[in-house]
Amino acid sequence: MTTEPLLQVTGLGIRIDGTERDLVSDLTFTLNKGETLCIVGESGCGKSLTALALMGLLATPPLRVTGGTADFRGRDLLTLPAAEMRRLRGDRIGMIFQEPMTSLNPALKVGDQIAEAVRRHTGKSEAEARAHALEMLRRVRIPAPETRLDVYPHNLSGGMRQRVMIAMALANAPDLVLADEPTTALDVTIQAQVLELMRGLQRDTGTAMILITHDLGMVAEMADMVAVMYAGQMVETGSAAAIFDDPQHPYTIGLMSSMPGLDGDGDRLVTIPGVVPPAREMPGGCRFAARCPFADAQCAKVPPTLPVAGDVSHRVACWKAPLDAQVAA
Amino acid sequence: MNTEIILETQALQKRFTGRKPFFGEAKVVRAVDGINLKIRRGETLAIVGESGCGKSTLARLLVRLMSPSDGTVVYQGRNIANVPAEDMRHLRRDLQFIFQDPFSSLNPRMTIGALIEEPLLVHNIGDRQDRRAKVAAMLARVGLPASVIDRYPHEFSGGQRQRIGIARALITEPKVVIGDEPVSALDVSIQAQVINILQDLKEALGLTLVIIAHDLAVVRHMADRVAVMYLGEIVEQGPVADLFANPKHPYTAALIAAIPVAQVGARSAAAQLQGDPPNPIDLPTGCRFHPRCPHATEVCTTTRPALAATGPDRWAACHHAATLSLQGHAATGQTRSAAAQARFDLYRDRSADAARTTTPT
């Protein structure tokens, strides 16, 4: 695997107009070519806003980017003019959203939608684009792809629609795919099929992926790198092995222990008390302090930064890390 | 385990009929198709299956939020499928329901206090003072401060609303509570809080709990027994640990294999099932699972298998249940690295300490 960076996000901030603090605050991460970065967190942690900001799709106003850069192949996605951003989207950057029914055009046949994405960004003729659309439907393993070219999205099941979305996102062999909860609306057996498909296509094409999810199981299965977000901040980041085998941040640990396991040890779940702070009232210090069993007065006042823990790629934003030292205290 | 039956269905059916076209017959969906289920007093029974398998319809039939097309639902010796509406109203004191989306099931114009008190009024329980006291006690039990009684549902987050939904369902001290995906709309950390509340209350109040769910990890954690549904039928049933370790129906095995496990490299990549569930209007012949089943043979395409005993307290509806050796989820005991486990323990102990030192208000 090459470790050449494809996307470098530095200090990204997103704010709602009229609020004092950034909702998404000082986000920094690197995505290497061909790798999968999973951004994991619960509702309101800013994971979807981050994706929208990178795609230039943030609803401005009331939201706006307050700072930072997102270097994608030498260009800053955050300051790119709208017209150039449109050229990138659907070509170098593909998108897969949670609800294929709301992101596909209900009035267009699926073959035409895929062909449109191809023709918009390449010089292909109508016939070539249609042939390419057929090839894409075949690659996402839609049965009887010749006939499916001419059906409308509502004729397809949820799993099939999501395959069409994937076909469209990958039609122009993008360098990066942003997938926001791509299987959340699907049943588990269908989810397993779609994940397997995405992994296979990614292996074949070498596309890098940012996968946004709330499901730690999916993270363990798909991720090379993981970024755990809480209330708009990245609290921990590292390789999938580092996050799962050596979790450092109390939120990461709390999130994992909140998940019921399949071994049925029958223990009471260890939970994270309380709720996420409201988007307009982000606290000043560590945003997790109010729910953290390790927090003290300093945590609530001073926001922790992401220092280096262990190997350089595993970083944790916590005053109390490494927690093992707390045993002695 | 107590094996006294508290609620039982016999050959329960619910058919939904479409509009009759100009030519031919109206199309019929058999959402629940001949289900025999015995629910034991004090147990947690989980009904699992994918979208469209009829599990939510079954849940509603159990408390007669819907009337069956055929068959019976027997509660304490009475067939509630045909009791008069007035009697059913009385029975609802014993049979309560928790909805998936608490927001759409709470009247937005009523205060939380009024919402939780309402079932007591409907059932003429206690005087004003008693009711107030019961509401206050129930709020404490579901972990909400007493100050919420004058507030409205929109002021609360999803997890808090579900606590309100639970309080409302349990205020009449029911015997059986049916939860239709009670935690699936919630974030992981909030879901864990609500699961703990449900389990604590079940214990404290001696409830029988029926959980409709699609998340098998939640089922594994909460249930004593599991019934797996596919296209309107129960295809497998048994005690939770045994069923997860040794599934007898290929569909159960596929469901278990499809669960993403939060451990790197824990699961082999291949998806077991190809294709989508068939259209419930146009059911396959024979075994309904045969078009997707990797083990299907000739007999499966022609003959519908009956739910038959495969072991102690185990049933499966598969022609090949006796000969197939299917892989379940083997409980390995040690799924976390030593470092991770140490930190989980530390987190748990610290959380317990923190809970002790801060007195709840």
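The values are calculated or read from the model by the stated rules, or taken from the named source; none is laboratory data. Computed from a predicted structure; not experimentally measured. As a convention, Cβ positions derive from the backbone with ideal geometry for all residues, glycine included, and neighbour counts pool all protein chains shown. In case anyone asks, the SASA skips ligands and DNA or RNA and just uses the protein heavy atoms, side chains included. Shrake-Rupley method; radii C 1.70, N 1.55, O 1.52, S 1.80 Å.
Data for the structure
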| read-out | value |
| --- | --- |
| Subset of the stretch A:270-296 [touching a residue at least 60 places away in the same chain (Cβ under 8 Å) and within 11 Å of chain B (Cβ to nearest Cβ)] | A:VAL276 |
| Criterion: touching a Ser or Thr at 6+ places or on another chain (Cβ under 6 Å) and either closer than 19 Å to B:VAL177 by Cα or at pLDDT 90 or above (or both) - qualifying residue of B:VAL122, B:VAL73, B:VAL142 | B:VAL73 |
| All positions within the stretch A:236-267 that are crowded, with 24+ Cβ neighbours inside 10 Å and more than 8 Å from chain B (Cβ to nearest Cβ) | A:GLU236, A:THR237, A:GLY238, A:ILE243, A:HIS249, A:TYR251, A:THR252 |
| Every residue from the stretch A:107-150 that is without any contact (Cβ under 8 Å) to a residue 60 or more places away in the chain, open to solvent by 80 Å² or more (accessible area, probe 1.4 Å) and within 28 Å of the chain's Cα centre (by Cα) | A:GLU116, A:ARG119, A:ARG120, A:ARG138, A:ARG141 |
| Qualifying residue in the stretch A:99-106 (condition: closer than 19 Å to A:LEU58 by Cβ, at pLDDT below 90, open to solvent by less than 70 Å² (accessible area, probe 1.4 Å) and assigned to a helix (DSSP H, G or I)) | yes |
| Yes/no for B:ALA296 being within 13 Å of chain A (Cβ to nearest Cβ) and either in contact with a His (Cβ under 7 Å, 6 or more places away or on another chain) or assigned to a helix (DSSP H, G or I) (or both) | no |
| Hey, A:THR184 crowded, with 24+ Cβ neighbours inside 10 Å, under 18 Å from the mean Cα position of the chain (by Cα), more than 7 Å from every other protein chain (Cβ to nearest Cβ) and polar (S, T, N, Q) or not | no |
| The stretch B:187-237 - residue that is assigned to a helix (DSSP H, G or I) and of a type in the set (Lys, Arg) and, of those, nearest to the other protein chains (Cβ to nearest Cβ) | B:ARG220 |
| Breaking point among (1) within 8 Å of chain A (Cβ to nearest Cβ); (2) modelled with pLDDT under 80; (3) open to solvent by less than 70 Å² (accessible area, probe 1.4 Å), for B:PRO278 | (1) |
| Test: residue in the stretch A:259-269 that is in contact (Cβ under 8 Å) with a residue 40 or more places away in the chain and of a type in the set (Lys, Arg) | no |
| Pairs where the first residue, in the stretch B:335-347, is free of Cβ contacts under 8 Å to residues at least 60 places away in the same chain and the second is charged (D, E, K, R), C-beta under 6 Å, 6+ apart | B:SER337/A:ASP245; B:ALA339/A:ASP246; B:ALA340/A:ASP245 |
| Residues located in the stretch B:166-184, provided they are farther than 28 Å from B:HIS123 by Cβ and facing chain A (nearest Cβ under 10 Å) | none |
| Spans of strands (runs of 3 or more DSSP E) in the stretch B:24-140 with at least 1 residues of a type in the set (Ser, Thr, Tyr) and in contact with a Lys or Arg (Cβ under 8 Å, 6 or more places away or on another chain) | B:44-48 |
| Where a residue in the stretch A:151-163 is in a loop (DSSP other than H, G, I, E, B) and its partner, wherever it lies, is surrounded by fewer than 17 Cβ atoms within 10 Å (Cβ to Cβ), with Cβ under 7 Å and at least six apart | A:TYR152/A:PRO106 |
| Some residue of the stretch B:250-259 being part of a loop (DSSP other than H, G, I, E, B) and more than 8 Å from chain A (Cβ to nearest Cβ) | no |
| Count of the stretch A:58-80 residues which are open to solvent by less than 70 Å² (accessible area, probe 1.4 Å) and either on the phi < 0 side of the Ramachandran plot or not in a loop (DSSP other than H, G, I, E, B) (or both) | 16 |
| Verdict on B:THR301 being out of contact with any Ser or Thr (no Cβ under 7 Å at 6 or more places or on another chain), polar (S, T, N, Q), open to solvent by less than 60 Å² (accessible area, probe 1.4 Å) and more than 8 Å from every other protein chain (Cβ to nearest Cβ) | no |
| Pair list, Cβ under 7 Å, 6 or more apart: the stretch A:59-84 residue in the same structural domain as A:LEU12 (by TED's automatic domain parsing) and more than 18 Å from A:GLY18 (Cβ to Cβ), other residue surrounded by fewer than 15 Cβ atoms within 10 Å (Cβ to Cβ) and of a type outside the set (S, T, N, Q) | A:GLY68/A:GLY11; A:THR69/A:ASP76; A:ALA70/A:ASP76 |
| Residue satisfying condition, being surrounded by 20 or more Cβ atoms within 10 Å (Cβ to Cβ) and small (Gly, Ala, Ser), within set B:ALA309, B:ALA258, B:ALA296, B:ALA241 | B:ALA258 |
| The stretch B:146-160, subset more than 12 Å from chain A (Cβ to nearest Cβ), touching a residue at least 12 places away in the same chain (Cβ under 8 Å) and out of contact with any Lys or Arg (no Cβ under 7 Å at 6 or more places or on another chain), residue nearest to B:ILE116 (Cα to Cα) | B:ILE149 |
| Qualifying positions in the stretch A:192-218 - part of a helix (DSSP H, G or I) and more than 7 Å from chain B (Cβ to nearest Cβ) | A:VAL194, A:LEU195, A:LEU197, A:MET198, A:GLY200, A:LEU201, A:GLN202, A:ARG203, A:ASP204, A:THR205 |
| Considering residues of the stretch B:40-58 that are among the hydroxyl-bearing types (Ser, Thr, Tyr) and modelled with pLDDT under 95 only, the residue most open to solvent (accessible area, probe 1.4 Å) | B:SER51 |
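Table: residues versus (1) more than 18 Å from the chain's Cα centre (by Cα); (2) touching a residue at least 40 places away in the same chain (Cβ under 8 Å).
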| residue | (1), (2) |
| --- | --- |
| B:LEU58 | no, yes |
| B:ARG64 | no, no |
| B:THR72 | yes, yes |
| B:GLU86 | yes, no |
| B:GLN96 | no, yes |
| B:GLN100 | no, yes |
| B:ASN107 | yes, yes |
| B:GLU117 | yes, yes |
| B:MET138 | yes, no |
